[in-house]
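Have a look at the structure below before the remarks.
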Amino acid sequence: LAKTTQPISMDSYEGQEVNITCSHNNIATNDYITWYQQFPSQGPRFIIQGYKTKVTNEVASLFIPADRKSSTLSLPRVSLSDTAVYYCLVGALNSGNTPLVFGKGTRLSVIA
Amino acid sequence: GAGVSQSPSNKVTEKGKDVELRCDPISGHTALYWYRQSLGQGLEFLIYFQGNSAPDKSGLPSDRFSAERTGGSVSTLTIQRTQQEDSAVYLCASSLQLLTDNEQFFGPGTRLTVL
């Protein structure tokens, strides 16, 4: 069962790059790594997903080292609206275990 | 509708009563998921459906919890004899297919308060 560990909270100033690292030492071969963003009183929203190496979209980049035991979500030049909780999700469905495990998330506070 | 909808948005009930929470997934999405989020906590996975089938119920917190999905669409999460520790936001999500690399689209949640 892939358990994830993230920092509880992070602070950043506007315009800075923010890197949030998630540890998942027990990741399985068929597990994907997915990051979600959640604003207060809303459901989580998909940000990015990867399996290995680097993935980039219009919102963020995801860096995954070769051993896949961790991943880093990179948010370029954050703004106040990026203040949210960020969840790292590791799992694979039909794996025979509880398939999807969200951690407690990282609460990012962006300061002007 | 354009997204996942859930009803009611808020539910206040007395300890011991039964409650039903409803989820309408995005049309055409075959996979549906239920999560629970307690105040200040992360998401706790409860159960998923592929079509109308839920192959793994081990994530449900107790036998007071049950879920069903009919017609491959609407799903209902039922909590019997509610307890105060059941108070949480219950989130539903759907994805096009039951594949880990499919994005899950979340609804706004149902906030359940058990007095």
Within segment A:16-58, restricting to residues that are in contact (Cβ under 8 Å) with a residue 40 or more places away in the chain and among the aliphatic types (A, V, I, L, M), the one that is nearest to A:Leu73 (Cα to Cα) is A:Ile20
Need a quick list: strands (runs of 3 or more DSSP E) entirely within chain B having at least 1 residues that are of a type outside the set (Asp, Glu) and free of Cβ contacts under 8 Å to residues at least 24 places away in the same chain. B:43-50, B:65-69
Do we have B:Arg69 as within 14 Å of another protein chain (Cβ to nearest Cβ), of a type in the set (Lys, Arg) and crowded, with 16+ Cβ neighbours inside 10 Å here? no
Out of (1) under 29 Å from A:Thr5 (Cβ atoms); (2) more than 9 Å from chain A (Cβ to nearest Cβ); (3) touching a Ser or Thr at 6+ places or on another chain (Cβ under 6 Å), the one B:Asp24 does not meet is (1)
Take the residues in segment B:1-52 that are in contact with a strand residue (DSSP E or B) (Cβ under 8 Å, 6 or more places away or on another chain), over 17 Å from A:Gln42 (Cβ atoms) and small (Gly, Ala, Ser), then tell me which one is least open to solvent (accessible area, probe 1.4 Å). B:Ala31
State whether the residues of segment B:85-92 include one that is open to solvent by 70 Å² or more (accessible area, probe 1.4 Å), within 12 Å of chain A (Cβ to nearest Cβ), touching a Pro at 6+ places or on another chain (Cβ under 9 Å) and under 14 Å from B:Ser5 (Cα atoms). no
Checking A:Pro7 against (1) part of a loop (DSSP other than H, G, I, E, B); (2) over 12 Å from the mean Cα position of the chain (by Cα), which single condition isn't satisfied? (2)
Can you find a residue in segment A:87-109 that is open to solvent by 10 Å² or more (accessible area, probe 1.4 Å), at pLDDT below 95, among the aromatic types (Phe, Trp, Tyr) and part of a loop (DSSP other than H, G, I, E, B)? no
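Say whether the condition of being of a type in the set (A, V, I, L, M), modelled with pLDDT of 95 or more and open to solvent by 10 Å² or more (accessible area, probe 1.4 Å) is met by at least one residue in segment A:9-26.
Yes.
The values are calculated or read from the model by the stated rules, or taken from the named source; none is laboratory data. Just so it is clear, the structure is predicted and the values come from calculations on it, not from any experiment. Ideal geometry is used to build each Cβ from the backbone, glycine not excepted, and the neighbour counts take in all protein chains shown. These accessible areas exclude ligands, DNA and RNA; they are computed on the full protein's heavy atoms, side chains included. Shrake-Rupley method; radii C 1.70, N 1.55, O 1.52, S 1.80 Å.
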